[in-house]
Structures are given as C-alpha cells and as structure tokens.
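A short write-up of the structure that comes next.
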Amino acid sequence: MEIELADHMGFCYGVKRAINLARHQAGKDSRVVTLGPIIHNPQMVQQLADEGILSIDDLDEIDSGTVIIRSHGVGPAVYKKAAAKGLNVIDATCPHVKKAQMAAKSLVDEGYEVVIIGEKTHPEVKSIFEWAGENAVIIEDEVQARQFHFVKKLGIVAQTTFSGNKFKQLVNIFIDKSNDIKVLRTICTATEQRQSAAEKLAANVDMMIVIGGKNSANTTRLADLCSKKCITHHIETADELDVEWFHNIAKIGVTAGASTPDWLIREVYIKCKNKI
C-alpha cells in the first residue's frame, strides 16, 4: 500500500504565529488566557491548556492578566473592553484575517455597502462583520446572492478560508447588483494552495485521509473537495482510523487543515503505514 502526502498541508503561517505568541506569553503573567479557542483544533487547544493557557468565552471571565486574541480575530468592541479592564492584550489575529477586517472597514469608510462572502456562524466572519460597523450583509451561497438587492455602491470581501472557485461564482452573480462594484479578494493564498494540492492528490489515489478539527472550516472544505474525487475520511486523530477502510485500497493520500499540528499528521501517517 502506497501513502502520499499532499504538497501543502498542516499549519499555515497565521496559525504558527498564533501558537508561538501564546507559548511565548505563557508564565509571563499571573493569568494568560485566549478569548475563544486560539485555533480550530481541539487537540492543540488542549495541549495549550496543559501548558497553562486556558480558553475563555467572554472578557467578563477575567479581571486581570493577559488575554490573547485568537487567530480568527475579534471586533473593535473587544479591544475597547479589554483596554477598559486594564488587560494586557496580545493580538494573535492572523495577518490575512486582519487584512480582511481592514478591507471591510475601508469599504464602509468609502461609502460602499459591504457584502462578506463566507459562513455566517464562523468566528472570523463575525469579526469581519463587526469591523464593517455591523451594517454588512453575509452571503453564504448562490441563493442568497441572487436575492441581494441592487445598491448604488457595492463592496465585496471574503472569508480568508473560502473556496476560491465558489467566490468567483458568487462575485459573477453580484455583477448585476450595482454599477459601482469594488471586489477585495481576501482569500488566503495558503488556503488556495492546500485546496489545490488536496484536489490534485485526491484525483490520483483510491482514498483520502483529511486530518483536522471537525469544527475547522478549512479542513471541512478540504474533505468536501476530496470527496468529489475519491473515498474520503475526515478525522481529528489517528484513533479514528478504521482498519476496514483499507481493504482493497492500493494508494492513500493524506492532507490536513491549516490548524492541524505536525505531530497529529505524523501519528496518522505512521498508523496508516502500519495498516492500523
């Protein structure tokens, strides 16, 4: 049985930066927390918790110490609240997410009605929405795009992990929604590299193993793309591998989301190599 790894997979720059910032801060203050899971990988979040960096859901849960803004970012109100409480803030927002936030804000400042293409419930999209002054509209699919009304000035940004091809399809629908359209393509190149590499690999193997948090949007998207090419299993850890999956399989492809640490990938690879 042959096993091939995707050319691009695992931790992206933004995730590595967030983890390094958190670990660098550990032990420097009486209390160090992240506001929400720093990345969408339960195993990595637990590892940080074991190192003393816990996750909280609201700033009301901390009165002193250091709060780390997670990679998905937050709205301006959070920074103001943290400053008012006198907290030390470490901003681990992914630079690409920060760029999307500022792009949305700049469009609003220029008088554009803003459309954010992405998943409404995703924390990154929520943060971009808040930087747009909460007057933006979040669009997830073609149905919603076609229902959008005609506006004088239309500005468009995207969730950084959104599908590049789907973004193009939705933008084409918006062409007829305004005579003044400004599109700021805020999709991260690392996301596109991982998606392209995964699709290429999936087309040449019998089965794909996609590793990453079940709550990770970019990992779920990788699994969805691969499933269109071959048998695909989305797992978080090596413990989920099932020996039954490997019957009559000659070639396996392995990829991982941008929030998946190397040690999880390594465990899955070794277990696959040993045929469970």
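The values are calculated or read from the model by the stated rules, or taken from the named source; none is laboratory data. Computed from a prediction, not measured in an experiment: that's the story for all the values here. Glycine also receives a Cβ, built like all others from the backbone with ideal geometry; neighbour counts cover every protein chain displayed. With ligands, DNA and RNA removed, areas are computed over all heavy atoms of the protein, side chains included. Shrake-Rupley method; radii C 1.70, N 1.55, O 1.52, S 1.80 Å.
How many residues does segment 223-233 hold that are under 16 Å from residue 272 (Cβ atoms) and either of a type in the set (Lys, Arg) or part of a strand (DSSP E or B) (or both)?
Filtering segment 223-233 down to residues under 16 Å from residue 272 (Cβ atoms) leaves 226, 230-233.
Subset that is either of a type in the set (Lys, Arg) or part of a strand (DSSP E or B) (or both): 231-233.
Number satisfying all stated conditions: 3.
Cβ-Cβ below 6 Å, separation at least six or inter-chain, first residue in segment 105-122 and farther than 18 Å from residue 167 by Cβ, second in a loop (DSSP other than H, G, I, E, B) and among the basic types (Lys, Arg): which pairs?
Going by the 6 Å Cβ cut-off, the qualifying pairs are 111/153.
Filter segment 234-252 down to residues that are open to solvent by 40 Å² or more (accessible area, probe 1.4 Å) and in a loop (DSSP other than H, G, I, E, B) and give me whichever is farthest from residue 264 (Cα to Cα).
The initial filter retains those residues of segment 234-252 that are open to solvent by 40 Å² or more (accessible area, probe 1.4 Å), namely 234, 239-240, 242-245, 247-248, 250-251.
Those left that are additionally in a loop (DSSP other than H, G, I, E, B): 242, 247-248, 250.
Details: 242: 16, 247: 23, 248: 25, 250: 23 Å.
Going through the qualifying residues, I end up with 248.
Could you list all residues from segment 166-182 that are assigned to a helix (DSSP H, G or I), of a type in the set (A, V, I, L, M) and surrounded by 11 or more Cβ atoms within 10 Å (Cβ to Cβ)?
Selection gives 170, 171, 173.
Among (1) over 18 Å from the mean Cα position of the chain (by Cα); (2) under 20 Å from residue 151 (Cα atoms), there is one condition residue 117 misses while meeting the rest; what is its number?
Among (1) over 18 Å from the mean Cα position of the chain (by Cα); (2) under 20 Å from residue 151 (Cα atoms), the lone unmet condition for residue 117 is (1).
Determine whether residue 231 is open to solvent by 70 Å² or more (accessible area, probe 1.4 Å), touching a residue at least 12 places away in the same chain (Cβ under 8 Å), farther than 30 Å from residue 145 by Cβ and of a type in the set (A, V, I, L, M).
Numbers: open to solvent by 70 Å² or more (accessible area, probe 1.4 Å): yes; touching a residue at least 12 places away in the same chain (Cβ under 8 Å): yes; farther than 30 Å from residue 145 by Cβ: yes; of a type in the set (A, V, I, L, M): yes.
Considered against the rule, which asks whether it is open to solvent by 70 Å² or more (accessible area, probe 1.4 Å), touching a residue at least 12 places away in the same chain (Cβ under 8 Å), farther than 30 Å from residue 145 by Cβ and of a type in the set (A, V, I, L, M), residue 231 comes out as yes.
Working only within segment 32-47, note down all residues that are within 18 Å of residue 97 (Cα to Cα), of a type in the set (A, V, I, L, M) and either surrounded by fewer than 16 Cβ atoms within 10 Å (Cβ to Cβ) or more than 15 Å from the chain's Cα centre (by Cα) (or both).
First, pick out the residues of segment 32-47 that are within 18 Å of residue 97 (Cα to Cα): 34-41.
Remaining after also requiring of a type in the set (A, V, I, L, M): 35, 38-39.
Matches in segment 32-47: 35 only.
Given (1) farther than 27 Å from residue 124 by Cβ; (2) not in a loop (DSSP other than H, G, I, E, B), identify the lone condition not met by residue 220.
The number of the failed condition is (1).
Looking at this structure, is residue 151 among the aliphatic types (A, V, I, L, M) and farther than 19 Å from residue 96 by Cα?
Working: among the aliphatic types (A, V, I, L, M): yes; farther than 19 Å from residue 96 by Cα: yes.
In short, yes.
Among the candidates 3, 19, single out the residue that is over 16 Å from the mean Cα position of the chain (by Cα) and either within 20 Å of residue 197 (Cβ to Cβ) or not polar (S, T, N, Q) (or both).
Details: 19 fails: over 16 Å from the mean Cα position of the chain (by Cα).
One residue alone meets the criteria, 3.
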